[in-house]
Every structure is written in C-alpha cells, then in structure tokens.
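Chemist: Sharing a structure below in structure tokens format, with a few things to ask.
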Amino acid sequence: MTALDLRGLRRATLDEIIFEHRNQAYGAFELRRTYEQRLKRSVAGMLLLCALIPLYPVVSGWLTGTEAPAPAGPVLTPNEDYVLTEMPPIEVPVTVTPAPPITHVNTKQFTPPRVIRDAAPEPVAALTTMAQANEATNLGPTTVTDGAETPATLSVVEAPAAAPAEPSDVPLAWSEQMPEFPGGLEALRLFVAHHTKFPPLAIRNSVEGKVYVKFIVDETGAVQHPEVVRGIGAGCDEAALAVVRALPRFTPGRQNGRAVKVYFSLPVSFVVR
C-alpha cells in the first residue's frame with residue numbers, strides 16, 4: 001500500500017473497533033453510532049419546550065385573536081350599609097372606698113408608782129458567823145486568846161512522784177527522734193547500692209523496679225525482723241532482704257529522752273542497664 005492510499009484511509013471510530021468482525025446489522029451498533037445525535041436533539045427539544053411554557057398564554061391569544069386574560073384578583077364593591085366608626089374607649093368606673101372615720105380615744109394618766117419596802121431578810125447562821133469572824137480583832141498567826149495556845153502552822157504534804165514509765169516492747173511507727181544511719185541518708189543509699197546483688201533471673205527477664213522492705217530498729221540500733229512489704233519477684237525480694245540484714249547499727253530513735261523501738265521502711269531499687 002502506497003503513501004497515497006494511506007492518506008485516503010479515514011480514522012476508525014470506537015464503535016467500529018468494538019464491532020469489528022461482528023454483526024453490525026444488529027441494533028446495538030446503530031444505537032451506539034447515533035447516540036450523540038439523539039442526545040443533542042433531545043436536549044435541544046427540552047430547552048425549547050421550557051422556553052415555550054411561559055409564552056403559552058401570549059401565543060395562544062395571538063393565534064386565537066384574543067388577549068390573554070388578566071389574572072383574577074379580589075373585586076371590591078362599595079357597601080353603604082356598613083360604616084366603620086372608631087369606638088370610644090370604655091371607661092371603667094373606679095370605686096373609691098371611703099376611709100373609716102377616725103375615732104379619738106381619751107387616754108388616762110397613769111397613776112404614779114408607789115414604792116413598798118420589802119421585809120428585812122432573816123440572817124443566815126453561817127453568814128453571821130463568818131461576818132463575826134471577819135470583824136474580830138483577835139485573829140491572826142500571833143494572836144493568843146485567853147487560855148488558848150498559838151494556832152499550829154499548816155504543813156504542806158507533797159504527793160509522791162510518779163514512777164517513771166517502763167519501756168514498752170511495742171515498736172513505734174514514729175518517734176520524736178527517728179533512727180539515723182551512720183553518715184545520714186546518702187550514706188545509707190550508697191551502702192545499699194554497693195551491697196545489693198542483682199539476681200541473674202531478673203537480668204535475663206528484664207525485671208526491674210523497687211522492693212519495699214520494712215524492719216525494726218531496736219533500742220541498741222540493731223535491725224530486726226525485716227520483711228518485704230511490696231516486691232517484684234524474680235529473686236529481687238530475697239536480694240533486698242539480704243542487703244537489709246547486712247546493715248550496720250543505726251543511731252536508735254528516742255521518745256521522751258529514752259531509746260525506743262521504731263519501724264523503718266527502706267526502698268531497694270533494681271534497674272536493668
């Protein structure tokens with residue numbers, strides 16, 4: 001095929017490509033081929049119909065030779081039988097109740113009070129004796145009456161002093177002077193950090209946290225009865241008890257100036273690094 005023949009070929013449409021080697025006489029091919037033309041015609045017809053609807057009365061009157069009827073409205077007919085007049089406002093009568101007459105009451109002058117003296121009270125024996133004693137001139141530490149000796153002096157008897165309270169074996173939760181580790185809290189923290197052995201099981205399982213140990217510091221400062229209040233397991237609880245049992249003596253706590261047993265809580269930290 002020459003170049004002239006190739007220029008003479010027209011480009012195939014999409015419908016022709018789809019229905020190639022098929023029955024093009026079937027209605028589907030014709031519908032697809034004329035779809036665009038039918039769509040344009042239907043849109044144009046719809047727009048024309050929408051434009052003619054408002055003009056229908058004018059076109060109808062022009063074709064029939066009559067004018068389009070005017071829109072119907074309300075018809076007002078004068079009626080002389082009814083005349084609207086403005087009614088005056090209705091006045092409501094106000095009833096005024098007359099005030100009751102004022103009656104004057106003659107007042108009487110009060111009689112002047114008369115003072116009546118009460119009867120003199122009878123003297124009380126105890127008060128009379130006390131009054132006579134107060135008026136006497138022969139009373140005092142150096143007064144000597146006829147035939148009587150000098151009154152004996154009063155002696156003050158002191159109450160016996162209370163015995164000192166015996167020390168109690170019950171540990172206190174708090175005391176005036178709490179137990180103190182030699183060197184203070186920083187020295188206690190360093191001792192626990194240097195002497196705590198991290199359990200291998202906790203290292204393998206990455207178990208870390210704080211074990212809270214509670215124990216008693218007795219009157220001599222020794223650590224007694226350590227117990228785990230809250231643990232984390234994996235051998236950390238046993239390691240915390242071991243380092244608490246190895247603590248040196250504390251300065252004992254004091255209550256009212258004497259050494260007493262006091263509870264002490266210590267957190268032991270386990271951190272995997």
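The values are calculated or read from the model by the stated rules, or taken from the named source; none is laboratory data. On a predicted model such as this, the values are computed, not experimentally measured, just so you know. With ideal geometry, Cβ positions are generated from the backbone for all residues, glycine too; neighbour counts draw on all protein chains shown. What goes into the accessible areas is simple: the full protein's heavy atoms, side chains included, and nothing from ligands, DNA or RNA. Shrake-Rupley method; radii C 1.70, N 1.55, O 1.52, S 1.80 Å.
Chemist: Would a scan of the range 250-258 turn up a residue that is over 13 Å from E219 (Cβ atoms) and buried (at least 17 other Cβ atoms within 10 Å of the Cβ)?
Modeler: no
Chemist: Still on this structure, please answer the following. Please go through the range 227-273 and pick out each residue that is of a type in the set (F, W, Y) and either under 18 Å from P199 (Cα atoms) or in a loop (DSSP other than H, G, I, E, B) (or both). Steps first, answer last, please.
Modeler: From the range 227-273, those of a type in the set (F, W, Y) are 250, 263-264, 270; that's our starting set.
If the condition is that a residue be of a type in the set (F, W, Y) and either under 18 Å from P199 (Cα atoms) or in a loop (DSSP other than H, G, I, E, B) (or both), then F250, F270 are the ones that fit.
Chemist: Moving to a separate point now. Of all residues in the range 206-233, how many are among the aromatic types (F, W, Y), open to solvent by less than 40 Å² (accessible area, probe 1.4 Å) and either touching a Gly at 6+ places or on another chain (Cβ under 9 Å) or without any contact (Cβ under 8 Å) to a residue 12 or more places away in the chain (or both)?
Modeler: Residues meeting the conditions: 0.
Chemist: Out of the range 10-49, which residues are assigned to a loop (DSSP other than H, G, I, E, B) and either on the phi < 0 side of the Ramachandran plot or modelled with pLDDT of 85 or more (or both)?
Modeler: R10, R11, A12, T13, F19, E20, R22, N23, Q24, A25, Y26, T34, listed by residue number.
Chemist: Would you pick out the residues in the range 53-65 that are surrounded by 10 or more Cβ atoms within 10 Å (Cβ to Cβ) and not hydroxyl-bearing (S, T, Y)?
Modeler: L55, P57, V58, V59, G61, W62
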